[in-house]
Amino acid sequence: GAVVSQHPSWVICKSGTSVKIECRSLDFQATTMFWYRQFPKQSLMLMATSNEGSKATYEQGVEKDKFLINHASLTLSTLTVTSAHPEDSSFYICSAADTEQFFGPGTRLTVL
Amino acid sequence: EDKVVQSPLSLVVHEGDTVTLNCSYEVTNFRSLLWYKQEKKAPTFLFMLTSSGIEKKSGRLSSILDKKELFSILNITATQTGDSAVYLCAVRGSGGSNYKLTFGKGTLLTVNP
């Protein structure tokens with residue numbers, strides 16, 4: 001089956017620093033990747049849709065300058081949380097799509 | 001805007017019980033409805049439904065879709081403690097990216113021994 005990895009699986013950082021999260025499709029090429037955020041006891045909220053070689057499409061209310069997305073190849077997308085603040089602490093999940101969406105294991109970000 | 005509503009939000013049962021989880025939706029140009037199971041990490045795929053009235057089955061889990069009434073149910077029979085998880089329902093329409101999913105808030109299922 002399709003495998004999607006994320007790195008790191010968890011990260012703790014100080015307020016004001018930037019954090020990069022990688023999402024890789026290991027055994028297939030994904031023209032489209034998605035980034036979700038999930039707060040405790042909440043559902044997955046789509047942040048942005050990332051298409052290889054083009055700019056990401058952000059959902060309403062998501063700041064594109066704060067959550068930088070790069071999809072440089074068909075197997076890699078990165079999400080950079082810039083100038084992170086405690087309210088950015090969350091579970092970030094990516095998914096990669098070929099015929100369906102396959103989810104990565106998620107990254108838990110804690111901003112102190 | 002696409003919308004997915006799941007009920008109940010949480011459910012506590014004993015091992016061996018049968019449970020039914022509900023999902024109703026509003027979506028522009030429906031393509032498919034998907035069920036996921038989420039334990040401590042990311043969701044794992046259970047079923048994808050595209051046609052009304054055709055039951056999908058995998059072991060003790062089954063699901064069916066009613067496109068006229070815009071809902072789906074997920075049944076789990078003879079529940080086990082390992083079934084404890086959040087069950088997410090998502091729909092895919094034709095708006096935006098072809099693969100974009102809209103998720104419901106999920107049903108937290110707790111199965112006690």
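The values are calculated or read from the model by the stated rules, or taken from the named source; none is laboratory data. In this text, all values refer to a predicted model and were calculated from it rather than measured experimentally. For neighbour counting, all protein chains shown are included, and Cβ atoms are generated from backbone atoms with ideal geometry for every residue, glycine included. The protein model used for the area step is the full one, side chains on, heavy atoms only, and it has no ligands, DNA or RNA in it. Shrake-Rupley method; radii C 1.70, N 1.55, O 1.52, S 1.80 Å.
When the pairs A:Lys20/B:Lys37; A:Lys41/B:Lys40; A:Lys55/B:Lys100 are compared against a 22 Å limit on Cα-Cα distance, A:Lys20/B:Lys37 fall above it. Each residue of region B:77-87 was assigned a 3J(HN,Hα) from its phi angle through the Karplus expression (A = 6.51, B = -1.76, C = 1.60, θ = phi - 60°), giving 9, 6, 4, 10, 4, x, 7, 4, 4, 9, 9 Hz with x at Gly and Pro. Accessible area per residue for the protein assembly as shown, computed on protein heavy atoms with a 1.4 Å probe, is 50 Å². Taking Cβ atoms as reference points and 15 Å as the exclusive limit, the residues near A:Phe102 contribute a net charge of +2, counting Lys and Arg as +1 and Asp and Glu as -1. Applying 1/(1 + (r/R0)^6) with R0 = 25 Å to the Cβ-Cβ distance of A:Ser5 and A:His85 gives a FRET efficiency near 0.40. Within a Cβ distance under 15 Å of A:Glu22, other residues only, what is the Lys/Arg minus Asp/Glu net charge? Once positives and negatives cancel, what remains is +2.
Just the protein heavy atoms count here, and of the accessible area of chain B at 1.4 Å, carbon and sulfur take up 50 percent. Taking label positions 7 Å along the Cα-Cβ direction at both B:Lys67 and B:Thr28, the computed distance is 1.9 nm, reported to one decimal. Between B:Glu1 and B:Arg60, the FRET efficiency estimated from the beta carbon spacing at R0 = 35 angstrom works out to 0.50.
Within the accessible area of chain A, the carbon and sulfur atoms contribute 54%, probe 1.4 Å, all protein chains present. Structural descriptor for chain B: relative contact order 37 percent, calculated from alpha carbon pairs under 8 angstrom and at least 6 residues apart.
For region B:3-112, the dipole from Cβ point charges (+1 on Lys and Arg, -1 on Asp and Glu) about the Cα centre works out to 460 debye, to the nearest 20.
Counts of other chain beta carbons within 10 angstrom of each beta carbon in peptide A:38-44 average 6. Between B and A, roughly 1500 Å² of accessible area is buried in total, ligands, DNA and RNA not counted and the probe set to 1.4 Å. Electrostatic bookkeeping for B:Leu101 treats Lys and Arg as +1 and Asp and Glu as -1; over the other residues with beta carbon under 13 Å from its beta carbon, the sum is +1. For a 4.7 Å threshold on C-beta separation, the list of partnerless cysteines in chain A reads A:Cys13.
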